[in-house]
Amino acid sequence: MNTLRLEPWSEAGLNILHRQNTPEMTEHLGGPETEQAIVDRHQRYLRLDGGEMLIVRLGDVAIGSVGYWEREWGGEDVYETGYGIFTEFGGHGYASEALRLAADRAAARGARRYLHAFPHVDHAASNAVCRKAGFELVGKVSFEYPKGTWQESNDWRLDLSALGG
C-alpha cells in the first residue's frame, strides 16, 4: 500500500508547479501563470521562511503540493495554507490528508494558533477538502488572490492548539 507523505520543497517542485499550471487546476486562482511567474514562485518556495512548502508524494510518486506560511488576518498572526493535488489523483482524499499532515507540521512549530484556508466560494472540491480536514467555516470574505484580484472566498479555520502542537 502506498503511503502519503510530505517532503520539503526542492528543485523537484518546479516540475510540480508546471504540472499544476493548467486551466483546470488554476480556474479559481486567476488562470495559468507565465513561465517567469512559475520560476519566481518556485524560488519563493525554496526560500520560504515562517512556513513550509511541501511536495506531496504517494509512495514515490509526486502528486501535488501543500504548504503554509505566516500572515496577518483579522488583526491576528495566523498561518495561511494552500494545496493542489494533480487532477488525476483527485477524489481519493489525498488533498485533505495532505492538508492534515501540513497542519500537524504547523502546529508543531507552535508559532500560530490558527491555520486558515481561503478557497473560492464556488470551488466545491477545495471547500470539501477543508471540511474533510477538520476546518471550521468562519464565513464568506473578500480575498485578494492573485494580487490585484478580489474574489469571494470562504474563510476556513483550523485551531492548531487542538492538534497538540
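What follows is calculated from the coordinates using simple rules that are stated; it is not laboratory data. Please read all numbers here as calculations on a predicted model, not as lab measurements. Don't worry about glycine lacking a Cβ; one is built from the backbone with ideal geometry, like all the others, and counts go over all protein chains shown.
Figures for the structure shown
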| item | result |
| --- | --- |
| Long-range HN-HN contacts of I63 with modeled amide H, under 5 Å | V56, R57, L58 |
| Sparse-neighbour loop sites [trypsin sites (Lys or Arg not before Pro); the stretch 32-75; at most 10 other C-beta within 10 Å; DSSP] | none |
| A124 paired with T3, simple spin-label distance in nm, labels 7 Å along Cα-to-beta-carbon | 3.5 |
| Top of H18, H42, H92 by mean-square fluctuation, Gaussian network on the chain, Cα under 10 Å | H92 |
| Spin-label pair A108/K140, simplified geometry with 7 Å Cα→Cβ offset, distance in nm | 3.9 |
| Cut-off under 5 Å, modelled amide H: who pairs with V138 long-range | D155, W156, R157 |
| Gyration tensor (alpha-carbon) shape descriptor, the stretch 29-120, a/c threshold 1.5 | oblate |
